[in-house]
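The structure under discussion appears below in the form of structure tokens.
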Amino acid sequence: MNHPRGTRRRFLQQVPLLAATPLLNAKLDSTAIPAARSGGPVVISTWRHGLSANEEAWKVLADGGNALDAAEAGVRITESDPEVRTVGLGGFPDRDGIVTLDAAIMDGSGDCGSVAALEDIMHPISVARRVMTETPHVMLVGAGARQFAVAQGFAPTELLTEASRRDYEKWLEEDGSYRPPINVENHDTIGLLTLDKDGNIAAACTTSGAAYKYHGRVGDSPIIGAGLYADNEVGAATATGWGEAVIRACGSFLVVELMRQGHDPTEACKLAVERVIAKNPDWKDIQVGFIALHKDGRTGGYCIHPDFDYAVYDGEGNRMVLPDSKVPRNE
């Protein structure tokens, strides 16, 4: 029975960027999208792997589909790509060698679902959506989330690829306490925001979390209001980077509320980053970035360090954007 309201990294060595393709060679803009927009469809997502996710989400929107379906379809592309080492299949394991996944999905009406510390399931974003539509709950975790997924027809899948296994073993051999930095080669998460032709907004976020984390650690990605937030009256936001820092600031909810107060998407993201900095004395050693989508189609982003980028797909096509950052790009 459907219930109406039931109804996000690290690794020791640098990971090569995805092989060059026409899609990945998309034009890189150095400025945000112009302020004047008149609605959807629009897709915006974190990091360069967001280009492929945007393509899939755009197919749904261009065919008249809704924002929620587009958001789910988009991030499923990243979840199933073993070359993306921080999301889904092929993601880096925790310090016990186990791949655990977190994901959340939310539509602009407030309906949402999430899963955390999920093992052996390829598409946690789709399990999160089932939590939203098939249970009276918002979040399921660990063994319970896996049990629910299997009962819903999701087949157990080995998520630890040989490449990730080798990196894990190297980490153990060289220094099992080393915490690799989050940077442009080693980033976490895909967060994706959509706006459909009818003005409806949705958000999706999915990750294998911080590489070599403590078993059971959960970051911001599946936390509604931290990793993502969506509101049809205002817009949506999602976060990437060190999840603990985002959680301390309720980051994505803060971005949306700042847009509600009249700030444009980029300014809202900047103010949220400043709040993260205020709450995290070690901010120079971490990366956090936000992206935002206003209900009128404007987009924006901001980050602590200048190694974050995001992908936007609208009437002008699919392209990368380099946002401004707290730490200047020339430092």
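Contact annotation: residue pairs with Cβ atoms under 7 Å, 6 or more positions apart or on different chains, pairing a residue in the stretch 220-238 that is surrounded by fewer than 24 Cβ atoms within 10 Å (Cβ to Cβ) with a partner that is among the charged types (D, E, K, R), are 232/295; 234/260; 234/295.
Yes/no matrix, rows are residues, columns are (1) farther than 30 Å from residue 170 by Cα; (2) among the aliphatic types (A, V, I, L, M); (3) within 20 Å of the chain's Cα centre (by Cα):
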| position | (1), (2), (3) |
| --- | --- |
| 59 | yes, no, yes |
| 66 | yes, no, yes |
| 78 | no, no, yes |
| 84 | no, yes, yes |
| 105 | yes, yes, yes |
| 112 | yes, no, yes |
| 132 | yes, yes, yes |
| 139 | yes, yes, yes |
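Within the stretch 211-243, the only residue that satisfies the criterion of being under 26 Å from residue 284 (Cβ atoms), assigned to a loop (DSSP other than H, G, I, E, B) and polar (S, T, N, Q) is 221. Would you be able to say whether some residue in the stretch 150-167 is outside any helix (DSSP H, G or I), modelled with pLDDT of 95 or more, of a type outside the set (S, T, N, Q) and buried (at least 21 other Cβ atoms within 10 Å of the Cβ)? Yes, some residue in the stretch 150-167 is outside any helix (DSSP H, G or I), modelled with pLDDT of 95 or more, of a type outside the set (S, T, N, Q) and buried (at least 21 other Cβ atoms within 10 Å of the Cβ). The residue pairs whose first member lies in the stretch 143-164 and is farther than 22 Å from residue 97 by Cα, whose second member is among the basic types (Lys, Arg) and at pLDDT 95 or above, and whose beta carbons are closer than 6 Å, counting only pairs six or more residues apart or on different chains, are 152/130.
Restricting the first member to the stretch 71-87 and to residues that are crowded, with 24+ Cβ neighbours inside 10 Å, and the second to residues that are among the acidic types (Asp, Glu) and at pLDDT 95 or above, the beta-carbon pairs closer than 7 Å and six or more apart or on different chains are 74/56; 87/79. In the condition set (1) in contact with a strand residue (DSSP E or B) (Cβ under 9 Å, 6 or more places away or on another chain); (2) more than 15 Å from residue 192 (Cα to Cα); (3) of a type outside the set (Phe, Trp, Tyr), residue 62 is compliant with all but (1). Quick check on the stretch 307-321. Is at least one of its residues part of a strand (DSSP E or B), crowded, with 24+ Cβ neighbours inside 10 Å and in contact with an Asp or Glu (Cβ under 9 Å, 6 or more places away or on another chain)? Looking through the stretch 307-321, at least one residue is part of a strand (DSSP E or B), crowded, with 24+ Cβ neighbours inside 10 Å and in contact with an Asp or Glu (Cβ under 9 Å, 6 or more places away or on another chain).
The values are calculated or read from the model by the stated rules, or taken from the named source; none is laboratory data. Since we're looking at a predicted model, the values are computed, not measured. Note: ideal-geometry Cβ built from the backbone for every residue, glycine included; neighbour counts use all protein chains shown.
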